[in-house]
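Since the structure comes first, as structure tokens, the remarks are kept for the end.
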Amino acid sequence: MADLAIRNLVKRYDKTEVLHGISLDVEDGEFVVFVGPSGCGKSTTLRLIAGLEDATSGEIVIGGRVVNNLEPKDRDIAMVFQNYAIYPHMTVRKNIGFGLRTSKMSKADKDARIDEVAGILGMTDLLARKPSQLSGGQRQRVAIGRAMVRDPAVFLFDEPLSNLDAQLRTQMRLEIKKLHQRVGNTIIFVTHDQVEAMTMADRIVIMKDGHIQQVGTPAEVYHKPANTFVARFIGAPSMNMLSGTVAQGGLRLGSGEVLDLRLDAADGYPVTVGVRPEDLHPGDGPALVRGPVTVREPLGHETLIYVGAEGQEVIAKADGRTPPEVGEEVTLTAALDTLHVFDAATGNALR
Amino acid sequence: MSIAEEIRPTTDALLKTDAPKKPTNMGQILRWMLLFLGGVAMVMPIAYMISTSLKWPHEVYNLKLIPDEPHIENYTYVLEDGRFYWWFVNSMIIAVITTVCNVIFDSLVGYTLCKFRFPGRYIIFIAILSTLMIPTEMLVIPWYLMSQQFGWLDTYWGIMFPGLMTAFGTFLMKQFFETVPDDFIEAARIDGLNELQIWWTVAMPLVKPALAALAIFVFLGNWTAFIWPLIVTNSVEMYTLPVGLSSFGDEADVAWELIMTGAAISTIPTLIVFLIFQRYIIQGVVMAGLKG
């Protein structure tokens, strides 16, 4: 086990810079999830940590040792790939034991280690099988087993669940989390799925266009998003964004309502007010949005309502038993302490 | 009514197959005709080879497929002629060594060109491919002069050296290595294997069908090679089978019946090679199909 640090990491392909000097400290035993849309640089960062690509500049430190010039095999890491990368011509036992090929352990020790890992993953009965005889989830487990068998300082997971169906994904998510609690190694996990990130991570790293947008616990990034990108990316359905301006010591919204929110900005300064659908509901209080219900999505215990206002559609949650009708004019409100205020120009959080 | 009588109508109904008869249309007939003609074209030379090997010399120019007096004297003669064994062994040594070398070298180069990024990679690949455009006939003289200079005339090495690696094989292997996902190679790299180990333990087993196809091509090509072995060998003991067989007979007459006998015998190893490797080739075709 070891901690990991990235300092001013830059990656350039010819003239295109894809990582613009990112820095991050990961503590020993921490489960960190990199999340972001396609092309945000999360997989590139992982590949740089693994040593599959060379950093243009910057430092990668694993366990207090700068590893930039080390081969992948000397970095004390193991990686689980998106398409599992388990070898179809080898049995499960050989696949799991593959990571030990170059180790100096005795054959008996190797076998014992493979059996131990297979036991942890509940695959003891499958050791003699070939990958073609396994289900998707079992293949994924073999891939994890191959990484575990070497007991690396850091585990790297590159979107390992994206090839699984929804049900299996939820199950494997739980298994990986349990596995982490059991073995306690440092894990860096890359995904584009914010639910995966929220449910598994000790800390989430949200990336966009080769920059880190925010690093924080799931609760932090959810409740205190650093900017509009993070605010929209985390949480489903996405946060509603309303435009407004600083006025009379408060905030004036498009609906005409002036909210009692103190901001350190000049009158007329444009802002964006974010409110999560689960905080927005029909009722009395400051009227954030007024408009007709366009669509209803009943979920049972509650109903999502889409309300058209100011040329956009906002999503709110209404009671599941007596939701407003489609076409009905509603006034949506939210508690002031649930509102997020961002600078309209930069997108950064003001409050 | 007995039980048998009772269930009879049911079983009758079950047994009756009333699948509609497929209409035989002209297109289908034409297709069968073409296939039949193709089949005849393929089988006739082999049939004539075997038929001629069973004929007496005076019958050879008679085009009858069934000899008047079939006999196996030719086989006894060829097999009792010590030279035939020499040629057979020469051909076998050359074909086997060349095949092994091609499988190793072609796939090494193909793998390198496919999986490594280095400057000049594309130029090297094009250069290798462009050698496919140079006919063997043009190369024979430079090869001969080279062999003469190095003292390779009339040696195994002299016969083998032009074919130890082929542009076609390199191309074939490069294309097949494209189907091996990079993740497999990177995973092995992280697991601490060196590049040669990755090639051998990870990449090679995944392209077995291509290796089998390459092995068959190279083996057949060398087993039946004629022009170069004819030029580079001088002594009868160094002849390969095709060269040796062509020497049956004398200036006045070619002993076709003996040549055909030798040819018939010499097809046996190629059949064996094909039978060994065909499983992989079919497997390869199936795999390619599944991948879509």
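Each Lys and Arg adds +1 at its Cβ and each Asp and Glu adds -1 at its Cβ; summed about the Cα centre, the protein assembly as shown shows a dipole of about 500 debye. Screening chain B for whole DSSP H helices of 27 Å or more along their axis (Cα) with average Kyte-Doolittle hydropathy at least 0.0 returns B:26-53, B:82-115, B:256-291. Viscosity 1.306 mPa s, temperature 10 °C: what is the translational diffusion coefficient of chain A from Stokes-Einstein with a Kirkwood Rh over Cα pairs, rounded to a whole number of µm²/s? Taking Rh from Cα pairs, D becomes 70 µm²/s. Projecting the Cα atoms of A:I188, A:G268, A:A335 onto the charge dipole of chain A (Cβ charges, centred on the Cα centre) puts A:I188 farthest toward the positive pole.
In this rough spin-label picture, where each label sits 7 Å from Cα along the Cβ direction, the A:S238-A:Y13 distance is 2.5 nm. For region B:82-291, the Cα-based Rg and Dmax, in that order, read 19.8, 70 Å.
Applying the criteria of a DSSP loop state and at most 10 other Cβ atoms within 10 Å to the chymotrypsin sites (Phe, Trp or Tyr not before Pro) of region B:44-141 yields B:Y61, B:F116.
How crowded by other chains is A:94-106, given as the mean number of beta carbons from other chains within 10 Å of each beta carbon?
Shielding by partners across A:94-106 averages 2.
Out of every Cα-Cα pair in the protein assembly as shown, what percent are more than 36 Å apart? Result: 62 percent of Cα pairs exceed 36 Å. Does a label point 7 Å from the Cα of A:N348, set along Cα-to-beta-carbon, have any residues of region A:241-281 with amide nitrogen under 16 Å, and which are they? Zone members listed by number: A:264-266, A:270-272.
Each residue, A:S103 and B:L63, gets one label point 7 Å from its Cα in the Cβ direction; the gap between the two is 7.5 nm. Taking chain B as a Gaussian network, Cα atoms linked when under 10 Å apart, which of B:P269, B:P119, B:P142 shows the biggest mean-square fluctuation? Residue with maximal mean-square fluctuation among B:P269, B:P119, B:P142: B:P119.
The mean number of Cβ atoms from other chains found within 10 Å of a Cβ in peptide A:66-79 is 2, as a whole number.
Counting Lys and Arg as +1 and Asp and Glu as -1 over every other residue whose Cβ lies under 14 Å from the Cβ of A:G308, the net charge comes to -2. Mean partner shielding of peptide A:136-149, defined as the number of other chain Cβ atoms within 10 Å of each residue Cβ, is 1.
Under 10 Å, Cα contacts only: if you run a Gaussian network model on chain A, which one of A:R141, A:R150, A:R129 comes out with the highest mean-square fluctuation? Ranking A:R141, A:R150, A:R129 by mean-square fluctuation puts A:R129 first. Rounded to the nearest 20 debye, the dipole size of region B:82-291 about its Cα centre is 660 debye, using +1 on the Cβ of Lys and Arg and -1 on the Cβ of Asp and Glu. Summarising the label geometry, the points placed 7 Å from Cα in the beta-carbon direction at B:M138 and B:I50 lie 4.1 nm from one another. Which FRET efficiency value, to the nearest 0.05, do you get for A:D25 and B:I104 by plugging their Cβ-Cβ distance into 1/(1 + (r/R0)^6) with R0 = 45 Å? So the FRET efficiency works out to roughly 0.40.
With K and R counted +1 and D and E -1, the other residues having a Cβ less than 14 Å from that of A:P286 yield a net charge of -3. Each peptide in A:10-20, B:201-211, A:216-226 receives the mean, over its residues, of other Cβ atoms within 10 Å, and ordering these scores from highest gives B:201-211, A:216-226, A:10-20.
Hull volume per residue, based on the alpha-carbon atoms of region A:121-263 and their convex hull, is 149 Å³.
With unit charges on the beta carbon (Lys/Arg positive, Asp/Glu negative), name the residue among B:T240, B:I134, B:P229 whose Cα is farthest towards the positive pole of the charge dipole of region B:82-291. Ranked along the dipole, the leading option is B:I134. Gain on full extension, evaluated as 0.36 nm per residue between B:N25 and B:V236 minus their Cα-Cα distance, stands at 70.1 nm.
Every number in this text was worked out from the coordinates using simple rules, so none of it is lab data. Computed from a prediction, not measured in an experiment: that's the story for all the values here. With ideal geometry, Cβ positions are generated from the backbone for all residues, glycine too; neighbour counts draw on all protein chains shown.
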